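Engineer: This is the structure, below, for whatever I ask next.
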Amino acid sequence: MSFGDKHEVLKTVFGFDSFRAGQEPIVDRLLAGTNSLAVMPTGAGKSLTYQVPALVNGGLSLVISPLVALMQDQVAALRLAGVNAASINSSQSREENVRIWRAVAAGEVPILYLAPERLMTERMLGALRSIGLSLIAIDEAHCISQWGASFRPEYDALSHLREAFPSTPIAAVTATADEPTRNDIVAKIFGGQAEVYVAGFDRPNICLHVEPKQRPRDQLLAFLKDHQGQSGIVYTLSRKNTEAYAAFLNENGHNARAYHAGLTPDERSDTQAAFMTEPDLIVCATIAFGMGIDKADVRFVFHADLPGSLDAYYQEIGRAGRDGAPAVAHMVFGAQDINMRHRFIDQEFSDEERRRREHGRLGALVAYCEAPTCRRQTLLSYFGEPSDPCGNCDLCLDTTERLDGTSEACLALAAVQETGNRFGATYIIEFLLGKATDKHQANRHDEQPGFGQGAEQSKPFWQGLLRQMVGGGLLERDVSGFGGLTITLKGQAVLNGKSRFEYRQMAAPTDRTSRQERRADTIAASSNVDSGILQALKAKRTELARDRSVPPYVIFSDKSLIDMADRRPRSPQEFLDVHGVGEKKAEQFSAIFLSVLEAHR
């Protein structure tokens, strides 16, 4: 059974008047039966790109998702919108899963959610082939790639889907995938044949900051002086640190909670509900927190520890400012963080090639941290997106004079060129310092003119300079190969004397008051709606969510509640005009929320 054409489904089921930027082309490709990979930023509405075609096509569509909690939340949201979606998963009893399968076989379920390990069995594949699938969607598709930030071995078997369902269009969606990861996804899932849609990665409303780690707790308190009463996330590396940071913040007058995988499901659920409701709550978390959290007004993300890669960093900062209002991503990092991350990679991965790639990814993150100019340019260039200086990062806002490093950069560029544009930073630094290893001698690079020409500088100097040269676009690191450095056109211009290079010394933490004054017009109030009405609406949403055992955003997103508080509808018909209110949700909730609004008139 079809729910109508794409615009009818969008409005009547999901309550949206129009598609967001980037959604409609993907919907059209899938409706035309074209295999598609869509890479879209967090908060861009990826799930809608396959849910709308699934409902327009009719029949049974399959969605593959890595986490039971994410499946359950999406199913709950679709059911509230009037779609009889379902999930078969390990958290349910066998009787419940059998009941759901009977409904699927009877044609009563238009969208079925499965984890990859449950799907990729002969029995399940055979049963689905007998029914027939109109669409397959793979959520968090980067999990299939060994070069992605979150590889999951059980995703690897999905490479056989195109053979099992040769006539069924397949959609793969993810929020973050650099070019090697995208190529790997297309090769594995689609056999090299798919249209790839990469939306812009830029989140211009997020102001990017990095400073050296000295006393991270004190640095966090100093940062929070600019963010009193705002909601945010503090990411740390360990469960122990989440507890320690939350206790520290509470002792210093902030409203904070810890969140990590070691908590009970009820404790995690309670913290998520509080985060959605309390306007000033700070959650101190591991990366376990964030997936599926649809809170629009997160005003900051603070990294107290270095993330694992730029991919992970991009995903984590993407949880801030999803309402489009100004937000801040602030990170503190130091040499100890870098060394610890390198050790983690060596301990976690036994495959030598995988280790090299992960070290390369970490190097790209460090290059971002030590970028000499605009951070956003460095971040976006990692994902293959060119950009101009953003004016909304600490480096663009900082007027501190930079040092002329043209002559040193030329020495480094010459070293890269003389060794063939294929070796990593360690090899180049040893070349510059004149340390002839067996490998240098075997390659006869110790006989090159530039060998030892950088001996006047220290190893840490060259390490920092090379990272800034990568961050500044003079050198490019081959993340998908062995991490070798190659000279870019920009670097060639410096080497040929047609351009200069300035580098930045990592300074001590700056005075936060003066920094705030410099960007006073950037960090502004996020909404003009009546805060009392908005909090009343959020409280009612939390109550309804608890009654139904679903996350609050499944009832209504923050954006819907803000629009509701702004419009203040007086009738069920006016309630249908609120962002994200479809016919089924209006039927269930209009009277409840209209009464809340009436009480505050």
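Engineer: Using +1 on the beta carbon of Lys and Arg, -1 on that of Asp and Glu, and nothing else charged, what's the dipole of segment 403-503 about the Cα centre, debye to 20?
Structural biologist: In total the dipole reaches around 200 debye.
Engineer: Size of segment 206-397 along its principal axes in angstrom, Cα-based, largest extent first?
Structural biologist: Taking the Cα atoms of segment 206-397, the three principal extents are 42, 41, 31 Å.
Engineer: Follow-up. Could you check how many percent of all C-alpha pairs in segment 211-311 are farther apart than 19 Å?
Structural biologist: 37
Engineer: Can you pull the three principal axis extents for the Cα set of the chain, in Å, largest first?
Structural biologist: For the chain, the Cα extents along the three principal axes come out at 77, 57, 42 Å.
Engineer: Same structure again: Please list the equivalent ellipsoid semi-axes of segment 531-599, computed as the square roots of five times the alpha-carbon gyration tensor eigenvalues, in descending order and whole angstrom.
Structural biologist: 16, 14, 11
Engineer: Follow-up question, since we're still on this one. Would you work out which of Leu489, Trp462, Thr437 lies farthest towards the positive end of the dipole of segment 403-503, given +1 charges on the beta-carbon of Lys and Arg and -1 on that of Asp and Glu, about the Cα centre?
Structural biologist: Final value for the positive-end residue is Leu489.
Engineer: State the antiparallel share, in %, of DSSP beta bridges confined to the chain, rounding to the nearest 5.
Structural biologist: Here the share of antiparallel DSSP bridges comes out near 10 percent.
Engineer: I would also like to ask the following. Bin by bin, in steps of 10 Å, what percent of the Cα pairs in segment 362-473 do you find, going until the bin that has the longest distance?
Structural biologist: Taking every Cα pair in segment 362-473, the percentages come to 14, 41, 30, 13, 2.
Engineer: Now, a different point. Answer with one residue from Leu224, Ala187, Val9: the one whose Cα lies farthest towards the positive end of the charge dipole of the chain, charges on Cβ with Lys, Arg +1 and Asp, Glu -1.
Structural biologist: Val9
Engineer: A follow-up question, please. In the chain, with Lys and Arg counted as +1 and Asp and Glu as -1 at Cβ, which of these residues, Cys369, Ser36, Met71, has the Cα nearest the positive end of the dipole, that is, farthest along it?
Structural biologist: In the chain, that residue is Met71.
Engineer: By how many degrees, between 0 and 90 and to the nearest 10, does the Cα long axis of helix 583-599 differ from the longest principal axis of the chain?
Structural biologist: Tilt relative to the chain: about 90 degrees.
Engineer: Compute the helix-to-body angle for 531-548: its Cα long axis versus the longest principal axis of the chain, expressed 0 to 90° and rounded to tens.
Structural biologist: 70
Engineer: Let me see the pair-distance distribution of segment 111-255: every alpha carbon pair, 10 Å bin width, integer percents in order.
Structural biologist: 9, 28, 21, 19, 16, 7, 0
Engineer: Going down the list Lys295/Lys585; Lys11/Lys295; Lys435/Lys498, which pairs span over 24 Å between their C-alpha atoms?
Structural biologist: Violating the 24 Å limit, Cα to Cα: Lys435/Lys498.
Engineer: How big is the C-alpha Rg of segment 380-442 next to the rule-of-thumb value 2.2 N^0.38 Å, as a ratio?
Structural biologist: Normalised Cα radius of gyration, segment 380-442: 1.57.
Engineer: Aspartates and glutamates within cross-link reach of Lys459: Cα-Cα under 15 Å, excluding same-chain residues under 8 positions apart?
Structural biologist: Hits, sequence-local ones excluded: Glu408, Glu430.
Engineer: With an 8 Å Cα cut-off and a minimum separation of 6 or more residues, compute the relative contact order for the chain in percent.
Structural biologist: 15
Engineer: I would also like to ask the following. Measuring from label point to label point, each 7 Å out along Cα→Cβ, what is the Thr34 to Arg118 span in nm?
Structural biologist: 3.3
A short reminder: the numbers here are calculations on the coordinates, not readings from a lab. Owing to the predicted nature of the structure, the values given are computational and were not obtained by experimental measurement. No Cβ is skipped: glycine too gets one built from the backbone with ideal geometry, and neighbour counts run over all protein chains shown.
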